[in-house]
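The values are calculated or read from the model by the stated rules, or taken from the named source; none is laboratory data. Source: prediction; values computed, not measured. Reconstructed Cβ throughout: ideal geometry from the backbone, glycine too, with neighbour counts over all protein chains shown.
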Amino acid sequence: MNSPESKKSIDKTSGKPALTAAGETKEQREFRERLNAVLKMNGIDGRGQITKLHEELEELSWSTARSLMVGGSYPRAETLMTLQRVKGLSIDWLLTGRGEPWLAGTKPSTHNLWDAVLFINLANEAKGEVVLAPGLADAGLSVHKVSGAEMAPDLYEGDYVLVNTNIERIEATRIYALRGSGDIIFRRIEQSQVGAGWRLVPRNPDMAPEHVLGIALPGEPTTKSLIRVIGRVDKKILAKA
């Protein structure tokens with residue numbers, strides 16, 4: 001049975017129950033979520049997260065490490081200074097979200113970039129705001145929200161996907177984020193079997209493929225291309241509720 005000081009909620013990254021403190025303020029919750037994001041990038045995640053943090057930051061007791069993960073109150077100044085000195089984290093960013101997460105000259109680990117994405121609920125429960133941990137853009141990764149049902153059931157409207165711009169060739173079995181003259185769309189790409197050009201293939205059987213004269217991979221000029229490939233969809237990180 002949970003203690004009266006804590007309650008069960010759902011972790012927005014893993015979808016699993018997460019222990020959080022009752023009466024936690026918005027500011028305290030956002031501090032905890034920012035801290036969790038950068039810790040995940042350094043492999044401190046999942047089962048035994050509290051123990052891992054305690055072991056890496058020997059100056060922190062296990063109970064202090066637990067309070068950082070569970071939330072409910074701000075850490076003491078000494079704890080913040082330890083996080084800054086050992087992990088290179090900016091205290092200002094941890095507390096307010098302002099500025100850069102890492103101190104100048106500090107390079108974050110990229111151990112677990114795929115899971116370093118958080119979804120923070122807004123006041124309106126039907127919406128969500130994507131918060132990216134630092135380092136994703138430097139690794140050529142970005143998050144995009146799906147609009148339309150062209151790739152259903154693989155992707156539904158409202159899904160979020162992690163897009164990798166580090167691509168050198170097109171694979172017919174993969175889904176790509178594309179930009180033409182309008183919004184970002186998601187399609188599979190096949191070379192045309194009847195003449196030059198490419199076919200943009202939807203997953204939805206009620207929609208027909210579209211023929212385009214040319215495409216440009218990330219970093220290539222678009223002078224003769226009608227479609228820009230933003231990147232390859234590597235992971236769906238939040239399914240539509």
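A few remarks follow.
- Test: residue in region 180-187 that is crowded, with 19+ Cβ neighbours inside 10 Å and either of a type in the set (Asp, Glu) or at pLDDT below 85 (or both): no
- So residue 81, is it at pLDDT 85 or above, within 19 Å of residue 28 (Cα to Cα) and not β-branched (Val, Ile, Thr): yes
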